[in-house]
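First comes the structure, then the notes that go with it.
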Amino acid sequence: MESQFQSVSQAIKECIDQGRAVIVFFESLERLQQFQGSAYGRNIRSKNILVETHSTEEKNYIVKRATVVGSVTLATSIFGRGTDFFSRDKNLEKNGGSHIIQTFLSLEKSEEIQIQGRTARQGKKGSFGMILLESDLIEKFGLEPDSLSKIAHADIYSHLDDLRIQVHASQLKEMDSNLLIANRRDEISQKYLRALAQNDHNAAIQGLHDIYAELPTYDGAGGAIDCHFLIDVSGSMGSILSNQRTQLRVAQDGINHIIQNLLDERRGDTFSLMCFSDQYHEICLRQSVENKAALVNRVDSLQIIGGTRLYTAFLHKLDQILGTINEIDCQQFLFVFTDGATSDSGLFGQLKMLIDKIPDTGLKCILAGVGLGPGIYRDQLEALATSGKMELIFFESTEQISDAFDVAAEAIVELTGGYIS
């Protein structure tokens, strides 16, 4: 980069010594600022900087000053299209007009032609040249290192133009491919939404599976997730839904879908399950997901017993996670599911204090409640979420239990960067 900056600075000096004006175009604001801050840029004492953040009045003034004898203007590439650098300086015209320096190879030749066109507006004199950085050409256009030294000087531009055409064609092909994928995913999503609107439960489940199938499979990159479920198994979870399954069975299917399709042993994911009724029971804690069949069996072993003491179980599980959050180097996720009022509401204050201690990063906590009507219990749950440390989602009907676990699935996909196993 230093050699390029030196060449740009030298070219500017030569033109200014000839009584001309120079406009230098940089591909990005970052590269412009790098040149401006370099020893070569600082040696240019009088220069104007033309960037998008300027006001309209400032831009107009700098553009007008850019075509005056002795003027040096550093501009970002966007001003190479459509900006009228028209000269009314007769001395500039006499000395050869403005000189344009382009410091990058445009991906589209049309942009290069536009930048060239800034130099000789309406028949005025002017000149154009490019001073390129080899490492940019290697990175962006696949130029072979040191290959330019083996090419005749007169053939270098033609060689770079061929590379540009190849890269541009490859990008267009990739865009076409991405468009086909986007259209297919849109069709699948629309099918899923239609199934939801028509209350077609089976079609909606299949639609969600189809959506997950469209996500990229895990390639070994990214961080692991420590996935915790705290599930209500109180008596009401035995109620039969319209699909002839119990509420608990629907919840179990939701968890099993996540185990089988979203968690990945190669990433280092782990799975924890605790259920609660009158008491809480640790079914498994931070188990590897290598043996998914064994985890599914654990989930299927859940049984309906007793009443509901959510706060007691929630306190234990959250304290367990927070107690080790600094020791476990992965994203923590806690999903709490309940369908009824708790009988230990006296622990509300203690639970609220613990929830407020959830760090801003490292732990995502969601509580999903189904079939909870207005009342003190629902008000308490809403109060637990006021700090923003816990996400709270209510579903009005117990028929929406599968929707609650879809929320958990979507959160896991987001936390793991969109990968499925």
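Taking the square root of 5 times each eigenvalue of the Cα gyration tensor, what semi-axes in Å does the equivalent ellipsoid of region 375-414 have, largest first? Walk me through the numbers on the way to the answer.
Values: eigenvalues 84, 52, 4 Å².
After diagonalising the Cα gyration tensor, the semi-axes are 20, 16, 4 Å.
Other residues within the sphere of radius under 12 Å centred on the Cβ of Gly306, judged by their own Cβ, net out at -1 (K and R +1, D and E -1).
Other residues within the sphere of radius under 11 Å centred on the Cβ of Ile328, judged by their own Cβ, net out at -2 (K and R +1, D and E -1). Report in % the part of the accessible area of the chain that belongs to carbon and sulfur, leaving out ligands and nucleic acids; probe 1.4 Å. So the carbon and sulfur contribution to the accessible surface is 49 percent.
Entry note: the chain has Rg to Rh equal to 1.20, where both radii use alpha-carbon atoms and Rh is the Kirkwood radius. Near Ile115: Cβ cut-off under 12 Å, other residues only, Lys/Arg at +1 and Asp/Glu at -1. The net charge is -1.
Heavy-atom accessible surface of Glu187, to the nearest 10 Å², is about 130 Å², with a 1.4 Å probe and all protein chains retained. Sparsely packed loop sites in region 312-421 (the GluC sites (Glu not before Pro) outside DSSP H, G, I, E and B with at most 11 other Cβ atoms within 10 Å) comprise Glu327, Glu396. Cross-link partners of Lys364 among lysines, defined as those whose alpha carbon lies under 27 angstrom from its own and excluding same-chain residues fewer than eight positions apart: Lys292, Lys317, Lys352, Lys389.
Give me the percent of DSSP beta bridges within region 1-108 that run antiparallel, rounded to the nearest 5. Provide the component values of the computation, followed by the final result.
Working: 0 of 13 bridges.
Around 0 percent antiparallel, to the nearest 5.
Annotation note: GluC sites (Glu not before Pro) in region 51-83 located in DSSP loop regions with a Cβ neighbour count of at most 13 within 10 Å are Glu52.
Working ranking of peptides 10-22, 202-214 by packing, defined as the average number of other Cβ atoms within 10 Å per residue, highest first, is 10-22, 202-214. For the chain, relative contact order (Cα pairs under 8 Å, six or more residues apart, normalised by length) works out to 12 percent. Could you list the residues of region 50-79 with an amide nitrogen less than 19 Å from a label point located 7 Å from the Cα of Asp17 in the Cα-to-C-beta direction? Output list for this probe position: 69-73. DSSP beta bridges fully contained in the chain are about 15 percent antiparallel. DSSP bridge analysis restricted to region 124-283 gives an antiparallel fraction near 35%, rounded to the nearest 5.
Counting only heavy atoms of the protein chains, get the accessible area per residue of the chain (1.4 Å probe) and round it to a whole Å² value. Spell out each step's value before the answer.
Values: 20960 Å² over 421 residues.
With all protein chains present, the chain gives 50 Å² per residue.
For a straight C-alpha distance cut-off of 29 angstrom, the lysines reachable from Lys64 (same-chain residues fewer than eight places away being disregarded) are Lys13, Lys47, Lys90, Lys94, Lys109, Lys124, Lys125.
A protection proxy built from the mean count of other Cβ atoms within 10 Å ranks the segments 127-139, 249-261, most packed first, as 249-261, 127-139.
The values are calculated or read from the model by the stated rules, or taken from the named source; none is laboratory data. No experiment lies behind these values; they were computed from the predicted model shown. Neighbour counts are summed over all protein chains in view; Cβ atoms, including those assigned to glycine, are modelled from backbone coordinates with ideal geometry. Accessible surface areas use protein heavy atoms only, side chains included; no ligands, DNA or RNA. Shrake-Rupley method; radii C 1.70, N 1.55, O 1.52, S 1.80 Å.
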